[in-house]
Amino acid sequence: MKDLLIVVDYQHDFVDGTLGFKGAETIYPYILSLIEKFSHEGNDIVFTKDTHFHDYLSTEEGKHLPVKHCIENTNGHQFYQDLESISNKYPVFKKFTFGSSELLKYLETHPYKTITLVGLVSHICVLSNAVIAKSALPNAHIIVDTKGVDSFDKDLEKQAFNVLKGLHIELRWDSFNHF
C-alpha cells in the first residue's frame with residue numbers, strides 16, 4: 001500500500017499575495033524536498049487549490065473573510081514558484097472553501113497506509129483537509145508535518161494542533177527522522 005503527500009493551498013495569495021504573511025515562503029524548500037522524496041519512493045502526491053471567483057465577497061466565506069483571494073485565472077490563484085509546473089504531473093483538486101469534497105471522493109477510492117499533509121494555512125485549510133483525510137480513511141495514519149505548514153496566527157495554529165492531536169492525527173516535528 002502506498003503513502004500519500006497532500007500539498008494544501010501553497011498558492012501565491014497565501015505566500016506573497018493578498019493573504020500572504022511573513023514566513024510563509026520559508027517552508028517552500030521543505031515542501032519541494034518532500035515532493036522529491038515521495039516521488040522518488042514511488043508514493044503518490046496530490047495538491048489542493050483554493051479557488052474562488054469574482055463574486056467571492058458575496059459568498060458565505062467572503063462575508064466572514066472579506067479579502068478577495070485565489071480568484072481563478074489570477075497570479076494569486078497559481079501555486080507558488082515551481083509548484084505550478086510541478087503540480088501538472090499530479091492530481092489537483094480545486095476547492096471552493098476550506099476542505100475539498102473532491103479530495104474526500106478521491107481518498108475513499110484510494111486506500112493509503114499513511115497520508116502526510118503540508119501547506120497553508122495550518123489552522124484553516126490544513127486542519128480541514130486533515131479531518132477530511134481521517135474521515136475518508138479512518139484506518140490510515142494521518143500526519144500533519146509541522147515543518148511544512150505555517151500560519152499567520154500562532155495561537156490559532158497551536159489550538160489547531162491540539163485539535164488534531166485529539167483526533168488522533170500525528171503532528172510530525174521532524175519528518176525525515178521518522179521515515
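The values are calculated or read from the model by the stated rules, or taken from the named source; none is laboratory data. Since the structure is predicted, the reported quantities are computational estimates derived from the model, not experimental observations. Note that each Cβ is placed from the backbone with ideal geometry, even for glycine, and that neighbours are counted across all protein chains shown. Each accessible area value is taken on the protein alone, full model and side chains, heavy atoms only, with ligands, DNA and RNA left out. Shrake-Rupley method; radii C 1.70, N 1.55, O 1.52, S 1.80 Å.
Each peptide in 3-10, 66-73, 84-91 was scored by the mean count of other Cβ atoms within 10 Å over its residues; highest first, the order is 3-10, 66-73, 84-91.
Only one residue of Phe93, Leu137, His123 has its Cα farthest out toward the positive end of the dipole of the range 60-160, where Lys and Arg carry +1 and Asp and Glu -1 on Cβ, and that residue is Leu137. The base-10 log of I(q)/I(0) for the chain, evaluated at q = 0.10, 0.11, 0.14, 0.16 Å⁻¹, reads -0.34, -0.42, -0.69, -0.93 [Debye formula, identical scatterers on Cα atoms, solvent excluded]. Dipole of the chain computed with +1 at Lys/Arg Cβ and -1 at Asp/Glu Cβ about the Cα centre; of His12, Thr114, Phe38, farthest Cα towards the positive end is Thr114.
Among Ile124, Ile142, the order of accessible area from largest down is Ile124, Ile142, computed with a 1.4 Å probe on protein heavy atoms.
Solvent-accessible surface of the chain, averaged per residue with a 1.4 angstrom probe and all protein chains in place: 48 square angstrom. In the chain, the calculated helix contribution to ellipticity at 222 nm averages -8500 deg cm²/dmol per residue, counting -39,500 (n - 2.57) for every DSSP H run with n ≥ 4. Relative to the Cα centre, the charge distribution of the range 81-120, modelled as +1 at Lys and Arg Cβ and -1 at Asp and Glu Cβ, gives a dipole magnitude of about 100 debye.
Report the antiparallel proportion of the DSSP beta bridges in the chain as a percent, rounded to a multiple of 5. If we restrict to bridges inside the chain, about 5 percent are antiparallel.
Expressed per residue, the C-alpha convex hull volume of the range 50-119 stands at 115 Å³. When the chain is treated as a Gaussian network with alpha carbon springs shorter than 10 Å, the biggest mean-square fluctuation among Leu167, Leu127, Leu103 belongs to Leu167. The charge dipole of the chain, taken about the Cα centre with unit charges on the Cβ atoms of Lys, Arg (+1) and Asp, Glu (-1), comes to about 380 debye, rounded to the nearest 20. Here's how it looks for Thr116: its modeled amide H is under 5 Å from those of Leu4, Leu5, Ile6, Ile143, which are all 5 or more places away or on a different chain.
The simple spin-label model puts a point 7 Å past each Cα toward its Cβ; for Lys165 and Glu36 those points are separated by 3.2 nm.
Short-range pairs are left out: with C-alpha atoms under 8 Å and at least six residues apart, the relative contact order of the range 1-106 is 33 percent.
At the residue level, Leu57 shows approximately 80 square angstrom of accessible surface with a 1.4 angstrom probe and all protein chains present.
When the chain is treated as a Gaussian network with alpha carbon springs shorter than 10 Å, the biggest mean-square fluctuation among Asp145, Asp16, Asp82 belongs to Asp82. Our compactness index for the range 1-101, the C-alpha radius of gyration over the empirical 2.2 N^0.38 Å, is 1.12. By accessible area, using a 1.4 Å probe on protein heavy atoms only, the chain has 55% of its surface on carbon and sulfur. Efficiency by 1/(1 + (r/R0)^6): what FRET value for Lys22 and Met1, r their Cβ-Cβ distance, R0 = 30 Å, to the nearest 0.05? It comes out at approximately 0.15.
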